[in-house]
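Read-outs throughout are calculated quantities, based only on the coordinates presented, and are distinct from any laboratory measurement. Every value quoted in this text rests on a predicted model; they were computed, and no experiment measured them. Ideal geometry is used to build each Cβ from the backbone, glycine not excepted, and the neighbour counts take in all protein chains shown.
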Amino acid sequence: MKSGFSLIELIVVIVIMGIVAVVAIPMMRKPGHVQPKEFVGKLNMLMQAAWQQALLDNRVQKILFDFTRKRITLSELAERGKDKDADKFVPITQAYLDTELAIPPGYTFNNFYIEKKDQMHMYSGGSETAYFFLTPGGLTQDVILNITDRVEQEGSVDRFGLVLNPFSAQFEYYGTFQSP
């Protein structure tokens, strides 16, 4: 009689340990902390809603980042003004669309490049808001976001960049800051 474990028994144990790890590790991170790739997924869903709305309503969509309220919101052009600063935008109120996204705690926007100009540093003392547009044809401006994520539970700082594809209106994640 041989003592020990068969290969099948070892594989079963390894599979069970893998399942436990997949379930337990996400639960151990600090509640409320949003991983960068998870944030990018939610931001891309918001961008998809803006893209669909632009095509359906044939109106310019505005994606507003409010750093004071820690919110990203969608609105659409309701009335053209004499210049772009006088344009009137109204919130999108479709029941089936998520038109607002919270900026996760610990996220700091270091750069907000629109058409190669950093909106975060154009004004003395920084900026409380920044925004870009999505056209009725579904195209966006060139946008690059550089974000610092201060992960409190680990005491670390994660820096990443997001680059908006102007044709698909989707952000792509990069593990380092990006430049125009």
Margin query: Run the simple label-point estimate for Ser3 and Thr148 please: 7 Å along Cα→C-beta, distance reported in nm.
Written below: 5.9 nm
Margin query: Once you place label points 7 Å from the Cα toward the Cβ at Thr129 and Asn110, how far apart are they in nm?
Written below: 2.7 nm
Item checked: Burial ordering of Tyr107, Tyr173, Tyr113, fewest other beta-carbon atoms within 10 Å first -> Tyr173, Tyr107, Tyr113
Note to self: Between Tyr174 and Val12, what is the label-point separation in nm under the 7 Å Cα-to-beta-carbon projection?
What the structure shows: 5.0 nm
Notebook entry, point to check: If you rank Asp98, Asp118 by fewest surrounding Cβ atoms within 10 Å, what's the result?
Noted result: Asp98, Asp118
Next item on the list: Collect residues whose amide H, placed 1.01 Å from N in the peptide plane, falls under 5 Å from the amide H of Thr129; neighbours closer than 5 in sequence don't count.
Entry: Phe67
Margin query: Below 8 Å, C-alpha to C-alpha, sequence gap of six or more: please give me the relative contact order for segment 33-174 in percent.
Written below: 25 percent
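Hey, with R₀ at 41 Å, roughly what FRET efficiency would Glu79 and Val20 work out to, going by the Cβ-Cβ distance, to 0.05?
0.10
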Notebook entry, point to check: Taking a quarter of the surface of the convex hull around the Cα atoms of segment 33-174, what do you get in nm²?
Noted result: 8.9 nm²
Note to self: Skipping prolines and chain starts, which residues have an amide H placed within reach, meaning under 5 Å, of the one on Phe89, given they are 5 or more residues away or on another chain?
What the structure shows: Ala78
Item checked: Fully extended contour minus Cα-Cα distance, from Val157 to Gln52, at 0.36 nm per residue -> 34.3 nm
Note to self: Within a 10 angstrom radius of the beta carbon, how do Lys70, Lys116 rank from fewest other beta carbons to most?
What the structure shows: Lys116, Lys70
